[in-house]
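What follows is a short report on a single structure.
The values are calculated or read from the model by the stated rules, or taken from the named source; none is laboratory data. Keep in mind it's a predicted model, so treat the numbers as computed, not measured. Ideal geometry is used to build each Cβ from the backbone, glycine not excepted, and the neighbour counts take in all protein chains shown.
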Amino acid sequence: MKRKQIVAGNWKMNMNFDEGRDLAISIVRKLGPLKNEVILCPPFIHLNYLSVISKDIANLHIGAQNCHQKDKGAYTGEIAASMLKSVGCSYVILGHSERRQYFGEDGALLAAKVDTALANNLKPIFCVGEKLDAREAGKQEKVVEKQLKSGLFHLGETQFSNVVLAYEPVWAIGTGKTASPEQAQDMHQFIRKLVAQKYSVNIAEGTSILYGGSVKPANAKAIFSQADVDGGLIGGAALKAADFVSIINSFPQA
């Protein structure tokens with residue numbers, strides 16, 4: 001089964017409206033025909049505009065960076081999955097390491113958010129990954145397995161088939177340490193094995209797993225050439241149109 005190759009750009013809390021508009025226009029102008037799937041995940045203020053300029057571009061999609069677990073209600077400052085869908089989102093990032101670290105999001109909460117996203121026809125980009133202390137203690141697989149089981153493995157096969165996974169080696173982001181393509185492959189292979197054990201080999205082979213460890217134009221080709229790496233969840237490089245498009249074009253040619 002051929003898996004989707006995906007590059008998702010997470011703008012995080014960057015870009016005012018004018019800056020985001022200019023970045024989006026620059027990206028669109030630099031894109032050729034897209035053979036792979038590209039997802040732009042900006043702050044909420046940009047979603048409507050990006051959905052408008054991307055609607056006629058094949059394989060270009062819009063995603064949000066978070067959603068609330070409830071459908072609606074008195075939750076000041078939050079945003080519902082149905083609202084995201086109404087402005088053209090196809091995807092939503094859930095479980096990002098920054099949400100886990102700074103906002104205390106745990107497995108139970110993320111499981112509820114995943115359910116709400118899927119109920120509103122949004123595909124979760126579900127993030128997992130270990131911190132430096134876990135990596136140095138050799139516990140990285142246990143951490144990732146726990147995150148998958150608590151946040152995703154309650155889903156049935158049909159629901160799970162609408163999930164994209166993203167592995168973030170938190171220890172390799174802003175620490176001065178570097179994750180090698182081989183380390184990325186090892187964890188992606190482990191994740192795929194867990195999915196096969198929980199669901200089936202067919203489901204596992206059809207699940208796209210993205211790498212989110214400081215992908216740049218200089219290392220994208222080496223990372224994307226790994227057998228179980230199906231693309232990237234891009235942070236800083238997604239804020240530079242030329243770098244982001246270079247990464248998009250870094251998949252090995254079939």
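Things to note:
- Residues located in segment 43-64, provided they are buried (at least 16 other Cβ atoms within 10 Å of the Cβ) and β-branched (Val, Ile, Thr): Ile53, Ile62
- Here is the figure for segment 141-161: residues that are out of contact with any Lys or Arg (no Cβ under 9 Å at 6 or more places or on another chain) and assigned to a helix (DSSP H, G or I) total 9.
- Note on segment 179-250: enclosed helices (runs of 4 or more DSSP H) holding 1 or more residues that are surrounded by 23 or more Cβ atoms within 10 Å (Cβ to Cβ) are 181-198, 217-224, 241-248.
- Test result for Tyr102, under 19 Å from Gly212 (Cβ atoms), among the hydroxyl-bearing types (Ser, Thr, Tyr) and in contact with a Pro (Cβ under 8 Å, 6 or more places away or on another chain): no
- Flag for Leu165 being crowded, with 19+ Cβ neighbours inside 10 Å, under 19 Å from the mean Cα position of the chain (by Cα) and over 20 Å from Ala220 (Cβ atoms): no
- Residue match in segment 45-53 (condition: among the aliphatic types (A, V, I, L, M), without any contact (Cβ under 8 Å) to a residue 60 or more places away in the chain and within 13 Å of Phe244 (Cβ to Cβ)): no
- Test result for Ala184, touching a Phe, Trp or Tyr at 6+ places or on another chain (Cβ under 7 Å) and farther than 15 Å from Asp115 by Cβ: yes
- Subset tally (residues that are of a type in the set (Gly, Ala, Ser) and at pLDDT 95 or above) for segment 224-236: 4
- Condition met for Cys67 (surrounded by 18 or more Cβ atoms within 10 Å (Cβ to Cβ) and over 20 Å from Glu168 (Cβ atoms)): no
- Number of positions in segment 22-34 that are without any contact (Cβ under 8 Å) to a residue 40 or more places away in the chain and either surrounded by 14 or more Cβ atoms within 10 Å (Cβ to Cβ) or of a type in the set (Val, Ile, Thr) (or both): 3
- Unique residue being small (Gly, Ala, Ser) and buried (at least 16 other Cβ atoms within 10 Å of the Cβ) when the list is Gly156, Gly129, Gly138: Gly129
- Among the residues of segment 79-96, those identified as in contact with a helix residue (DSSP H, G or I) (Cβ under 9 Å, 6 or more places away or on another chain), part of a loop (DSSP other than H, G, I, E, B) and surrounded by 23 or more Cβ atoms within 10 Å (Cβ to Cβ) are Cys89, Gly95.
- Residue satisfying all of: in segment 97-133; of a type in the set (Val, Ile, Thr) and not in a strand (DSSP E or B); farthest from the chain's Cα centre (by Cα) among these: Thr116
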